1. Look through Ala136, Ala149, Ala119 and report the one residue that is of a type in the set (A, V, I, L, M), assigned to a helix (DSSP H, G or I) and more than 29 Å from Leu73 (Cα to Cα).
2. Pull out all pairs, ordered by first then second residue, where Cβ-Cβ is under 7 Å, the residues are six or more apart or on different chains, the first lies in region 82-103 and is over 13 Å from Tyr118 (Cβ atoms), and the second is hydroxyl-bearing (Ser, Thr, Tyr) and within 10 Å of the ligand (Cβ to nearest atom).
3. Just to be sure, is Glu176 under 30 Å from Asn248 (Cβ atoms), of a type in the set (D, E, K, R) and in a helix (DSSP H, G or I)?
4. For region 52-75, indicate whether the set of residues that are in contact (Cβ under 8 Å) with a residue 40 or more places away in the chain, of a type in the set (A, V, I, L, M, F, W, C), closer than 26 Å to Gly163 by Cα and more than 16 Å from the ligand (Cβ to nearest atom) is non-empty.
5. Test Ala149 against the criterion of being in contact with a helix residue (DSSP H, G or I) (Cβ under 9 Å, 6 or more places away or on another chain), within 16 Å of the ligand (Cβ to nearest atom) and among the aliphatic types (A, V, I, L, M), and give yes or no.
6. Any chance region 229-244 includes a residue that's in a loop (DSSP other than H, G, I, E, B), among the aromatic types (Phe, Trp, Tyr) and surrounded by fewer than 16 Cβ atoms within 10 Å (Cβ to Cβ)?
Amino acid sequence: MNIPPHLTHLPAYIPGESVESLAARLGRAPESILKLDANENPYGPPPAVARALAALDPSRYPDAEQRHLRTALSDYLSIPAEFLLAGNGSDELLSLLAQTLLQPGESILVCPPTFSMYAFYAQLKNCQVVSVPRRADFSLDVDGIFSAAQGHSPKIIFLDNPGNPTGFTLPAADVEKLLTLPTLIVLDEAYIEFSESPSAISRVPECENLVVLRTFSKWAGLAGLRVGYGAFPHWLGNLLWQAKSPYNLTQAAAAAVAALDERDLLRANLAKIRAERERLARALRRFQGLTVYPSAANFLLVRVDPSTFGLSAAKSARRSRNRGFSSACLSRSTACASPLAHQSRLIRCWKRWLVHLGINKC
Ligand SMILES: Cc1ncc(COP(=O)(O)O)c(C=O)c1O
């Protein structure tokens with residue numbers, strides 16, 4: 001088989017290991033594992049989701065036009081359903097955007113550290129990835145993006161708000177400025193419900209070059225059911241409807257509608273997650289060798305000083321790369337907005353590890 005040469009060099013995305021596989025590898029009971037590495041929602045979905053799933057008839061194909069979910073989303077977001085398209089997670093929509101818009105030899109622009117799938121899908125299409133790193137405080141280098149855009153004419157600029165792994169929120173003014181570029185801006189708001197900053201989704205109907213992607217995986221606790229969605233300008237939405245596979249959104253759509261019906265309960269969980277995120281940040285800041293960055297998401301980015309923890313620079317850089325971070329300075333991202341009992345266990349584990357390393361001053 002003649003495999004396209006660019007694919008043979010493509011670094012694979014390494015997804016988080018499942019609890020079952022980790023438990024088997026360590027010879028431990030799955031219940032003893034505290035899984036914090038995929039930024040999931042520790043509270044899970046509201047009870048109505050289980051009822052909606054129990055009522056499904058899996059022998060039927062799902063609604064290819066996603067009518068029920070798009071109507072419910074239109075009510076939730078206050079934008080017309082005609083701008084909305086749902087997918088098998090927002091990941092599928094990222095992939096569909098790359099498949100539909102990019103041609104080999106073209107380029108995209110990303111601002112690392114950021115979600116690695118933007119670059120991955122572009123590289124699958126044999127496109128160049130132009131990087132304009134964020135500043136030390138994780139703010140965007142807007143001038144740098146403008147000059148890189150002039151030099152490389154990227155077809156798409158991918159931004160995440162709040163950022164993964166930074167937890168940093170983008171000022172609306174930065175996004176507005178970037179929208180003046182003759183480039184499609186894809187704003188990934190996978191974690192927006194955890195933040196206090198407004199979504200840009202209401203801007204889509206009036207902007208020809210803005211896409212906003214969202215997901216039920218994080219705030220609604222539906223990561224396993226794979227429901228994401230996006231708001232797209234008409235010219236692009238039409239293209240994507242044409243290109244998508246007919247049943248890309250499964251009957252899991254019913255679970256997402258049920259979750260939206262119980263959004264007050266989900267919002268109460270969001271408030272708890274935010275409070276616990278801050279409590280955990282305070283606890284972790286007391287440890288020597290850790291820098292805990294402010295976060296507007298359901299995780300914290302923690303810089304681990306390699307010398308304090310006896311890690312070689314090469315090893316910590318490799319760990320960063322394994323988690324898809326394009327910057328070697330970021331040693332570890334910990335999803336830790338978990339219930340208090342989980343947090344106490346996490347802190348106990350840190351303390352034990354520090355004692356093990358002989359660093360027990362904290
Ligand atoms: C920034 C960002 N975007 C998109 C996704 C993908 O989410 P989904 O589960 O909807 O595919 C993730 C998942 O971790 C993410 O962190």
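1. Ala149
2. Listed pairs, sorted by first residue: Leu84/Tyr229; Leu85/Tyr229; Ala86/Tyr229; Gly87/Tyr229; Gly89/Thr215; Gly89/Ser217.
3. Numbers: under 30 Å from Asn248 (Cβ atoms): no; of a type in the set (D, E, K, R): yes; in a helix (DSSP H, G or I): yes.
It is false that Glu176 is under 30 Å from Asn248 (Cβ atoms), of a type in the set (D, E, K, R) and in a helix (DSSP H, G or I).
4. The answer is no; no qualifying residue exists.
5. So Ala149 does not fit the description; no.
6. For region 229-244, residues in a loop (DSSP other than H, G, I, E, B), among the aromatic types (Phe, Trp, Tyr) and surrounded by fewer than 16 Cβ atoms within 10 Å (Cβ to Cβ): absent.
Residues checked against (1) without any contact (Cβ under 8 Å) to a residue 40 or more places away in the chain; (2) in a loop (DSSP other than H, G, I, E, B):
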| position | (1), (2) |
| --- | --- |
| Glu17 | yes, yes |
| Ser21 | yes, no |
| Arg25 | yes, no |
| Ala38 | no, yes |
| Val49 | no, no |
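Per-residue answers, yes or no, for (1) among the small types (Gly, Ala, Ser); (2) over 21 Å from Asn161 (Cβ atoms); (3) more than 10 Å from the ligand (Cβ to nearest atom):
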| residue | (1), (2), (3) |
| --- | --- |
| Glu208 | no, no, yes |
| Val211 | no, no, yes |
| Ser217 | yes, no, no |
| Leu222 | no, no, no |
| Arg226 | no, yes, no |
| Trp235 | no, yes, yes |
| Leu239 | no, yes, yes |
| Gln242 | no, yes, yes |
| Ser245 | yes, yes, yes |
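The values are calculated or read from the model by the stated rules, or taken from the named source; none is laboratory data. Worth saying up front: this structure is predicted, and the values here are computed from it rather than measured. Don't worry about glycine lacking a Cβ; one is built from the backbone with ideal geometry, like all the others, and counts go over all protein chains shown.
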